[in-house]
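First up is the structure itself, then whatever we jot down about it.
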Amino acid sequence: MLYSQDRSVESAPLQHETILLQPQAKTFCLLNQTAAFIWNEIAAPSSAELIAQRLADAFEGVSSEQASRDVESTLWQLVSLGFVTTSVTPAQALALKMIDQAVR
């Protein structure tokens with residue numbers, strides 16, 4: 001799955017944090033340094049796996065496993081709040097189509 005910033009969301013850096021505003025829902029969110037890093041990584045569509053790898057490389061002392069957990073949790077929260085959108089990769093779309101055909 002690919003994650004990307006919802007284009008209607010406005011963001012503003014604030015020292016090591018970032019503030020997000022979803023004008024349609026009239027909600028905002030303050031991202032800590034880790035979540036702000038993740039937000040910046042999804043300026044273009046990206047997978048959780050790639051973001052986790054980059055997070056582990058960027059933050060000293062963060063294991064790959066911890067980075068994966070943090071990225072998955074943060075992305076899930078941002079999606080549920082309407083700040084992030086998801087899409088499937090072409091390979092995932094093909095796999096879903098094959099599963100659908102097999103079930104029929």
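The residue of the stretch 6-26 that is modelled with the lowest pLDDT, among those that are assigned to a strand (DSSP E or B) and over 23 Å from S87 (Cα atoms), is L14. Output the residues belonging to the stretch 77-92 that are without any contact (Cβ under 8 Å) to a residue 24 or more places away in the chain and surrounded by 12 or more Cβ atoms within 10 Å (Cβ to Cβ). Q77 - this is the single residue of the stretch 77-92 that is without any contact (Cβ under 8 Å) to a residue 24 or more places away in the chain and surrounded by 12 or more Cβ atoms within 10 Å (Cβ to Cβ). Taking A95 as the residue in question, decide whether it is surrounded by 12 or more Cβ atoms within 10 Å (Cβ to Cβ), modelled with pLDDT under 95, small (G, A, S) and outside any loop (DSSP other than H, G, I, E, B). Here the answer is yes, as A95 does meet what is asked.
Might you let me know whether the stretch 39-46 holds any residue that is surrounded by fewer than 20 Cβ atoms within 10 Å (Cβ to Cβ), hydrophobic (A, V, I, L, M, F, W, C) and not in a helix (DSSP H, G or I)? Yes; the residues of the stretch 39-46 include at least one that is surrounded by fewer than 20 Cβ atoms within 10 Å (Cβ to Cβ), hydrophobic (A, V, I, L, M, F, W, C) and not in a helix (DSSP H, G or I). Hey, L31 hits all of (1) under 12 Å from the mean Cα position of the chain (by Cα); (2) under 21 Å from D6 (Cβ atoms); (3) buried (at least 17 other Cβ atoms within 10 Å of the Cβ) but one; which does it fall short on? Just one mismatch for L31, condition (1).
Is it the case, given these coordinates, that T74 is of a type in the set (S, T, N, Q) and touching a residue at least 60 places away in the same chain (Cβ under 8 Å)? For T74, the condition - of a type in the set (S, T, N, Q) and touching a residue at least 60 places away in the same chain (Cβ under 8 Å) - is not met. Sub-8 Å Cβ pairs linking a first residue in the stretch 27-48 that is free of Cβ contacts under 8 Å to residues at least 60 places away in the same chain and among the hydroxyl-bearing types (S, T, Y) to a second residue that is assigned to a helix (DSSP H, G or I) and crowded, with 17+ Cβ neighbours inside 10 Å, at least 6 apart or interchain, are T34/L55; T34/D70; T34/T74, ordered by first then second residue.
The values are calculated or read from the model by the stated rules, or taken from the named source; none is laboratory data. Keep in mind the model is a prediction, meaning the values are calculated, not measured. A quick note on method: Cβ atoms are made from the backbone with ideal geometry, for glycine too, and the neighbour counts reach across all protein chains shown.
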